[in-house]
Amino acid sequence: MKKVCLTGIKPTGNPHLGNYLGAIRPAIRMAQSGEFAGYYFIADYHSLTAVHNGKELSQYIYEVAATWMAFGLDPKQVVLYQQSHIPEVMELHWILSCFTAKGHMNRAHAYKAMVQENENSGRDPDLGVNIGLYTYPVLMSADILLLQSDVVPVGPDQLQHLEIAREIAQSFNFVYGDLLKLPKALEQNVPLIPGLDGRKMSKSYQNTIPLFANEKDLRKLLNKIKTDSLPPEAPKNPDESLIFTLYKFFATPYEIENLKAWYLRGIGWGDAKAQLFEVINRELQLPRQRYQELISNRSEIDRILNEGAERVRSKAQDLLKKIKKTIGVI
Ligand code: TRP
(Lines give C-alpha, C1' and ligand atoms only; values in the text may rest on other atoms or scores of the structure.)
Protein backbone atom coordinates (compact mmCIF):
# COMPACT_ATOMS: atom_id res chain seq x y z
CA MET A 1 0.00 0.00 0.00
CA LYS A 2 1.26 3.41 -0.95
CA LYS A 3 1.62 6.06 1.70
CA VAL A 4 -1.02 8.74 1.82
CA CYS A 5 0.18 12.20 0.93
CA LEU A 6 -2.27 15.02 1.51
CA THR A 7 -2.17 18.57 0.21
CA GLY A 8 -4.69 21.30 0.99
CA ILE A 9 -4.99 24.31 -1.25
CA LYS A 10 -6.69 27.42 0.02
CA PRO A 11 -8.76 29.13 -2.68
CA THR A 12 -8.00 32.81 -2.37
CA GLY A 13 -8.04 33.92 -5.98
CA ASN A 14 -5.60 35.10 -8.63
CA PRO A 15 -2.83 32.58 -8.34
CA HIS A 16 0.55 34.07 -9.18
CA LEU A 17 3.97 32.87 -10.22
CA GLY A 18 5.10 32.65 -6.61
CA ASN A 19 2.25 30.26 -5.78
CA TYR A 20 3.14 28.25 -8.83
CA LEU A 21 6.85 27.87 -8.11
CA GLY A 22 6.43 27.49 -4.36
CA ALA A 23 3.44 25.19 -4.15
CA ILE A 24 1.79 24.12 -7.38
CA ARG A 25 4.79 22.95 -9.40
CA PRO A 26 6.38 20.85 -6.62
CA ALA A 27 3.03 19.29 -5.73
CA ILE A 28 2.26 18.39 -9.34
CA ARG A 29 5.69 16.82 -9.70
CA MET A 30 5.02 14.78 -6.60
CA ALA A 31 1.67 13.63 -7.95
CA GLN A 32 3.26 12.66 -11.23
CA SER A 33 6.01 10.68 -9.54
CA GLY A 34 3.32 8.23 -8.42
CA GLU A 35 5.22 7.61 -5.21
CA PHE A 36 2.24 8.32 -2.95
CA ALA A 37 -1.49 7.88 -2.86
CA GLY A 38 -2.20 11.54 -3.45
CA TYR A 39 -5.10 13.47 -1.96
CA TYR A 40 -5.44 17.06 -3.14
CA PHE A 41 -8.25 19.11 -1.75
CA ILE A 42 -9.60 22.61 -2.01
CA ALA A 43 -9.69 24.02 1.50
CA ASP A 44 -12.75 26.20 0.96
CA TYR A 45 -13.77 26.35 4.61
CA HIS A 46 -10.34 27.65 5.44
CA SER A 47 -10.89 30.47 3.00
CA LEU A 48 -14.12 31.33 4.74
CA THR A 49 -12.09 32.70 7.63
CA ALA A 50 -11.25 35.57 5.29
CA VAL A 51 -13.39 35.53 2.13
CA HIS A 52 -16.90 36.70 2.97
CA ASN A 53 -18.35 37.04 -0.49
CA GLY A 54 -20.24 34.06 -1.85
CA LYS A 55 -19.72 34.81 -5.52
CA GLU A 56 -16.02 35.32 -5.04
CA LEU A 57 -15.49 32.21 -2.97
CA SER A 58 -17.37 30.12 -5.49
CA GLN A 59 -15.31 31.58 -8.31
CA TYR A 60 -12.03 30.94 -6.43
CA ILE A 61 -12.98 27.31 -5.91
CA TYR A 62 -13.41 26.75 -9.63
CA GLU A 63 -10.25 28.66 -10.34
CA VAL A 64 -8.16 26.49 -8.06
CA ALA A 65 -9.57 23.30 -9.48
CA ALA A 66 -8.97 24.50 -13.04
CA THR A 67 -5.48 25.75 -12.20
CA TRP A 68 -4.32 22.47 -10.77
CA MET A 69 -5.72 20.44 -13.59
CA ALA A 70 -4.33 22.87 -16.15
CA PHE A 71 -0.86 22.05 -14.84
CA GLY A 72 -1.48 18.37 -15.20
CA LEU A 73 -2.96 17.20 -11.92
CA ASP A 74 -4.86 14.16 -13.08
CA PRO A 75 -8.01 13.34 -11.09
CA LYS A 76 -7.66 9.75 -12.22
CA GLN A 77 -4.22 9.47 -10.72
CA VAL A 78 -4.91 11.33 -7.46
CA VAL A 79 -8.06 12.17 -5.55
CA LEU A 80 -9.14 15.76 -6.06
CA TYR A 81 -11.93 16.97 -3.80
CA GLN A 82 -13.45 19.91 -2.04
CA GLN A 83 -13.23 20.09 1.75
CA SER A 84 -16.82 21.24 2.31
CA HIS A 85 -18.12 18.21 0.42
CA ILE A 86 -16.92 16.06 3.30
CA PRO A 87 -19.10 16.85 6.32
CA GLU A 88 -17.13 14.26 8.28
CA VAL A 89 -14.33 16.81 8.44
CA MET A 90 -16.57 19.13 10.38
CA GLU A 91 -17.59 16.43 12.84
CA LEU A 92 -14.01 15.52 13.43
CA HIS A 93 -13.17 19.19 13.79
CA TRP A 94 -15.47 19.46 16.78
CA ILE A 95 -14.23 16.27 18.35
CA LEU A 96 -10.63 17.36 17.95
CA SER A 97 -11.32 20.81 19.32
CA CYS A 98 -12.21 19.11 22.61
CA PHE A 99 -8.66 17.78 22.69
CA THR A 100 -6.96 20.98 21.70
CA ALA A 101 -5.22 23.10 24.27
CA LYS A 102 -6.31 26.70 23.99
CA GLY A 103 -2.72 27.70 24.62
CA HIS A 104 -1.73 26.09 21.31
CA MET A 105 -4.20 28.24 19.47
CA ASN A 106 -2.92 31.35 21.22
CA ARG A 107 0.48 30.58 19.75
CA ALA A 108 -0.65 29.76 16.22
CA HIS A 109 1.10 32.22 13.98
CA ALA A 110 -1.70 33.40 11.65
CA TYR A 111 -3.77 34.39 14.66
CA LYS A 112 -0.79 35.80 16.51
CA ALA A 113 0.23 37.93 13.55
CA MET A 114 -3.21 39.50 13.37
CA VAL A 115 -3.25 40.27 17.10
CA GLN A 116 0.23 41.70 16.83
CA GLU A 117 -0.80 43.96 13.98
CA ASN A 118 -3.74 45.23 16.00
CA GLU A 119 -1.57 45.86 19.02
CA ASN A 120 1.04 47.68 16.97
CA SER A 121 -1.55 50.10 15.71
CA GLY A 122 -3.17 50.58 19.09
CA ARG A 123 -6.38 48.72 18.25
CA ASP A 124 -8.31 46.14 20.27
CA PRO A 125 -6.10 43.03 19.93
CA ASP A 126 -9.06 40.88 18.86
CA LEU A 127 -10.35 43.27 16.22
CA GLY A 128 -11.27 41.38 13.06
CA VAL A 129 -10.30 38.02 14.55
CA ASN A 130 -13.05 35.45 14.10
CA ILE A 131 -13.09 32.12 15.90
CA GLY A 132 -12.56 30.39 12.56
CA LEU A 133 -9.22 32.07 12.20
CA TYR A 134 -8.42 31.27 15.82
CA THR A 135 -9.14 27.57 15.44
CA TYR A 136 -7.84 27.33 11.86
CA PRO A 137 -5.23 24.75 12.93
CA VAL A 138 -7.92 22.45 14.36
CA LEU A 139 -9.74 22.33 11.04
CA MET A 140 -6.47 21.65 9.32
CA SER A 141 -5.81 18.82 11.77
CA ALA A 142 -9.22 17.37 10.95
CA ASP A 143 -8.36 17.41 7.22
CA ILE A 144 -5.12 15.62 7.85
CA LEU A 145 -6.14 13.11 10.50
CA LEU A 146 -9.42 12.08 8.91
CA LEU A 147 -7.61 10.67 5.88
CA GLN A 148 -4.92 9.02 8.00
CA SER A 149 -2.30 10.95 6.13
CA ASP A 150 1.25 9.69 6.33
CA VAL A 151 2.89 12.76 4.96
CA VAL A 152 1.92 16.34 4.34
CA PRO A 153 4.19 18.49 2.21
CA VAL A 154 4.58 21.84 3.91
CA GLY A 155 6.46 25.03 3.41
CA PRO A 156 7.90 26.84 6.42
CA ASP A 157 4.64 28.72 7.03
CA GLN A 158 2.63 25.54 7.56
CA LEU A 159 5.09 23.61 9.66
CA GLN A 160 3.63 24.84 12.92
CA HIS A 161 0.16 23.72 11.85
CA LEU A 162 1.46 20.25 11.25
CA GLU A 163 3.04 20.13 14.66
CA ILE A 164 -0.27 21.15 16.15
CA ALA A 165 -1.99 18.34 14.22
CA ARG A 166 0.45 15.85 15.70
CA GLU A 167 -0.07 17.19 19.18
CA ILE A 168 -3.84 17.05 18.90
CA ALA A 169 -3.62 13.47 17.63
CA GLN A 170 -1.36 12.56 20.53
CA SER A 171 -3.72 14.09 23.10
CA PHE A 172 -6.55 12.07 21.62
CA ASN A 173 -4.53 8.88 21.41
CA PHE A 174 -3.29 9.33 24.96
CA VAL A 175 -6.86 8.97 26.19
CA TYR A 176 -8.25 6.39 23.77
CA GLY A 177 -5.32 4.43 22.38
CA ASP A 178 -3.71 4.74 18.98
CA LEU A 179 -6.64 5.52 16.77
CA LEU A 180 -5.23 8.51 14.94
CA LYS A 181 -2.22 8.21 12.71
CA LEU A 182 0.50 10.76 13.37
CA PRO A 183 1.30 12.61 10.16
CA LYS A 184 4.81 13.57 9.18
CA ALA A 185 5.73 16.89 7.64
CA LEU A 186 7.44 16.60 4.31
CA GLU A 187 9.39 19.80 4.50
CA GLN A 188 9.67 21.66 1.24
CA ASN A 189 12.52 24.01 0.71
CA VAL A 190 10.58 26.75 -0.88
CA PRO A 191 13.00 29.22 -2.37
CA LEU A 192 12.24 32.87 -1.92
CA ILE A 193 10.51 33.97 -5.09
CA PRO A 194 10.94 37.66 -5.70
CA GLY A 195 8.18 39.78 -7.18
CA LEU A 196 8.48 42.59 -9.70
CA ASP A 197 9.98 44.96 -7.14
CA GLY A 198 12.49 42.45 -5.76
CA ARG A 199 10.62 41.83 -2.51
CA LYS A 200 8.99 38.46 -1.87
CA MET A 201 6.22 37.93 -4.41
CA SER A 202 3.03 38.50 -2.50
CA LYS A 203 -0.44 39.84 -3.11
CA SER A 204 -0.04 42.25 -0.22
CA TYR A 205 2.94 43.91 -1.94
CA GLN A 206 1.13 44.16 -5.27
CA ASN A 207 4.24 42.89 -7.01
CA THR A 208 2.90 39.63 -8.38
CA ILE A 209 2.92 38.16 -11.85
CA PRO A 210 -0.48 36.52 -12.40
CA LEU A 211 -0.13 32.93 -13.47
CA PHE A 212 -2.46 33.15 -16.42
CA ALA A 213 -1.70 36.61 -17.73
CA ASN A 214 -1.86 36.53 -21.51
CA GLU A 215 1.35 36.92 -23.49
CA LYS A 216 0.94 40.62 -24.02
CA ASP A 217 0.32 41.37 -20.35
CA LEU A 218 3.09 39.04 -19.27
CA ARG A 219 5.55 40.86 -21.51
CA LYS A 220 4.34 44.21 -20.20
CA LEU A 221 4.70 43.13 -16.59
CA LEU A 222 8.21 41.82 -17.10
CA ASN A 223 9.14 45.07 -18.77
CA LYS A 224 8.20 46.83 -15.54
CA ILE A 225 11.09 45.21 -13.67
CA LYS A 226 13.38 48.01 -12.59
CA THR A 227 16.96 47.85 -13.80
CA ASP A 228 19.98 50.11 -13.50
CA SER A 229 21.07 52.49 -16.22
CA LEU A 230 24.19 50.63 -17.34
CA PRO A 231 24.57 50.67 -21.13
CA PRO A 232 23.89 47.41 -22.98
CA GLU A 233 27.57 46.65 -23.60
CA ALA A 234 28.54 46.95 -19.93
CA PRO A 235 29.15 43.60 -18.19
CA LYS A 236 26.49 42.84 -15.59
CA ASN A 237 26.38 40.74 -12.48
CA PRO A 238 23.77 38.00 -12.92
CA ASP A 239 23.69 37.33 -9.19
CA GLU A 240 22.40 40.81 -8.49
CA SER A 241 19.76 40.70 -11.17
CA LEU A 242 16.12 40.04 -10.44
CA ILE A 243 15.62 39.05 -14.08
CA PHE A 244 18.30 36.39 -13.79
CA THR A 245 16.91 35.11 -10.48
CA LEU A 246 13.50 34.57 -12.06
CA TYR A 247 15.08 33.12 -15.19
CA LYS A 248 16.73 30.37 -13.17
CA PHE A 249 13.36 29.02 -12.03
CA PHE A 250 12.32 28.28 -15.59
CA ALA A 251 15.43 27.68 -17.68
CA THR A 252 17.51 24.56 -18.24
CA PRO A 253 21.03 24.46 -16.75
CA TYR A 254 22.41 24.96 -20.24
CA GLU A 255 20.28 28.05 -20.82
CA ILE A 256 21.27 29.43 -17.45
CA GLU A 257 24.98 29.11 -18.29
CA ASN A 258 24.39 30.81 -21.62
CA LEU A 259 22.53 33.73 -20.18
CA LYS A 260 25.13 34.09 -17.48
CA ALA A 261 27.84 34.36 -20.10
CA TRP A 262 25.78 36.96 -21.95
CA TYR A 263 25.44 39.01 -18.76
CA LEU A 264 29.20 38.92 -18.28
CA ARG A 265 29.83 39.94 -21.89
CA GLY A 266 27.25 42.72 -21.63
CA ILE A 267 23.55 42.33 -22.25
CA GLY A 268 20.89 44.98 -22.82
CA TRP A 269 18.12 44.88 -20.25
CA GLY A 270 15.54 44.65 -23.01
CA ASP A 271 17.22 41.48 -24.26
CA ALA A 272 17.43 40.04 -20.77
CA LYS A 273 13.72 40.63 -20.26
CA ALA A 274 12.92 39.06 -23.61
CA GLN A 275 14.90 35.96 -22.60
CA LEU A 276 12.97 35.80 -19.35
CA PHE A 277 9.67 36.13 -21.18
CA GLU A 278 10.59 33.24 -23.48
CA VAL A 279 11.26 30.71 -20.72
CA ILE A 280 8.28 31.69 -18.60
CA ASN A 281 5.94 31.70 -21.54
CA ARG A 282 7.23 28.35 -22.74
CA GLU A 283 6.15 26.78 -19.48
CA LEU A 284 2.84 28.61 -19.07
CA GLN A 285 1.57 28.64 -22.62
CA LEU A 286 -0.14 25.28 -22.64
CA PRO A 287 -1.52 25.43 -19.08
CA ARG A 288 -2.90 28.89 -19.86
CA GLN A 289 -4.79 27.47 -22.80
CA ARG A 290 -5.98 24.45 -20.84
CA TYR A 291 -7.05 26.67 -17.99
CA GLN A 292 -9.32 28.65 -20.27
CA GLU A 293 -10.92 25.47 -21.53
CA LEU A 294 -11.39 24.05 -18.04
CA ILE A 295 -12.75 27.17 -16.41
CA SER A 296 -15.36 27.55 -19.10
CA ASN A 297 -16.74 24.11 -18.35
CA ARG A 298 -17.87 24.28 -14.76
CA SER A 299 -20.12 21.27 -14.91
CA GLU A 300 -17.10 19.12 -15.74
CA ILE A 301 -15.29 20.50 -12.69
CA ASP A 302 -18.39 19.77 -10.59
CA ARG A 303 -18.40 16.22 -11.88
CA ILE A 304 -14.75 15.69 -11.00
CA LEU A 305 -15.11 17.17 -7.53
CA ASN A 306 -18.21 15.11 -6.80
CA GLU A 307 -16.43 11.99 -7.86
CA GLY A 308 -13.49 12.91 -5.63
CA ALA A 309 -15.82 13.47 -2.68
CA GLU A 310 -17.34 10.06 -3.14
CA ARG A 311 -13.97 8.39 -3.07
CA VAL A 312 -12.98 10.22 0.09
CA ARG A 313 -16.19 9.87 2.03
CA SER A 314 -16.23 6.11 2.44
CA LYS A 315 -12.74 6.23 3.86
CA ALA A 316 -13.64 9.19 6.06
CA GLN A 317 -16.79 7.53 7.32
CA ASP A 318 -14.94 4.38 8.37
CA LEU A 319 -12.55 6.23 10.61
CA LEU A 320 -15.15 8.63 11.94
CA LYS A 321 -17.38 5.74 12.95
CA LYS A 322 -14.54 4.16 14.90
CA ILE A 323 -13.83 7.45 16.60
CA LYS A 324 -17.46 8.02 17.51
CA LYS A 325 -17.73 4.53 18.97
CA THR A 326 -14.60 5.10 20.95
CA ILE A 327 -15.68 8.40 22.45
CA GLY A 328 -19.03 6.89 23.30
CA VAL A 329 -21.54 8.69 21.12
CA ILE A 330 -22.60 5.64 19.11
N1 TRP B 1 -3.44 26.01 5.59
C2 TRP B 1 -3.05 25.64 4.28
C3 TRP B 1 -2.60 26.89 3.51
O4 TRP B 1 -2.80 27.98 3.94
C5 TRP B 1 -4.14 24.96 3.53
C6 TRP B 1 -4.58 23.71 4.20
C7 TRP B 1 -5.78 23.49 4.82
C8 TRP B 1 -3.83 22.49 4.30
N9 TRP B 1 -5.82 22.23 5.31
C10 TRP B 1 -4.66 21.59 5.00
C11 TRP B 1 -2.58 22.10 3.86
C12 TRP B 1 -4.21 20.29 5.28
C13 TRP B 1 -2.16 20.82 4.14
C14 TRP B 1 -2.96 19.91 4.85
O15 TRP B 1 -2.10 26.78 2.44
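Below is a table of values for the structure above.
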quantity: Intensity falloff of region 1-47 expressed as log10 I(q)/I(0), Debye formula with alpha-carbon point scatterers, at q = 0.14, 0.23 Å⁻¹; calculated: -0.38, -0.88
quantity: With DNA, RNA and ligands ignored, accessible area of GLU88 (1.4 Å probe; Å², nearest 10); calculated: 10 Å²
quantity: Long-range HN-HN contacts of ALA37 with modeled amide H, under 5 Å; calculated: LYS3, VAL4, CYS5
quantity: Residue-averaged [θ]222 nm for the chain, counting only DSSP H segments that reach four residues, each worth -39500 (n - 2.57); calculated: -17000 deg cm²/dmol
quantity: Tally of Lys pairs whose C-alpha atoms are under 21 Å apart, taken over region 204-330, 8 or more apart or cross-chain; calculated: 20
quantity: Within-15-Å neighbourhood charge of GLU300 [Cβ basis; K, R +1; D, E -1]; calculated: -1
quantity: Difference of contour (0.36 nm per residue) and Cα-Cα distance, ARG199 to GLU233; calculated: 9.5 nm
quantity: Positive minus negative residues near VAL312 (Lys, Arg vs Asp, Glu; Cβ under 13 Å); calculated: -2
quantity: Accessible area in square angstrom per residue, the chain, 1.4 angstrom probe; calculated: 51 Å²
quantity: Charge dipole (the chain, unit charges on Cβ, about Cα centre) - positive-most of TYR39, MET1, LEU221; calculated: MET1
quantity: Rounded percent of accessible protein surface that carbon and sulfur make up, region 212-291, 1.4 Å probe; calculated: 52 percent
quantity: Debye intensity ratio I(q)/I(0), log10, the chain, q values 0.11 Å⁻¹ (C-alpha model); calculated: -0.79
quantity: Global size of region 212-291 as Cα Rg and Dmax, reported in angstrom; calculated: 12.9, 41
quantity: Cross-link reach list, aspartates and glutamates versus LYS10, counting only Cα pairs under 14 Å and skipping chain neighbours closer than eight places; calculated: ASP44, GLU56, GLU63, ASP143, ASP157
quantity: Residues with amide H under 5 Å from that of LEU147, placed H, sequence gap 5 or more; calculated: none
quantity: Summed residue charge, Cβ within 9 Å of GLN83's Cβ, Lys/Arg positive, Asp/Glu negative; calculated: -2
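The values are calculated or read from the model by the stated rules, or taken from the named source; none is laboratory data. Since the structure is predicted, the reported quantities are computational estimates derived from the model, not experimental observations. Every residue, glycine among them, receives a Cβ derived from its backbone with ideal geometry; neighbour counts consider all protein chains shown. Just the protein is used for accessible areas: all its heavy atoms, side chains included, with ligands, DNA and RNA removed. Shrake-Rupley method; radii C 1.70, N 1.55, O 1.52, S 1.80 Å.
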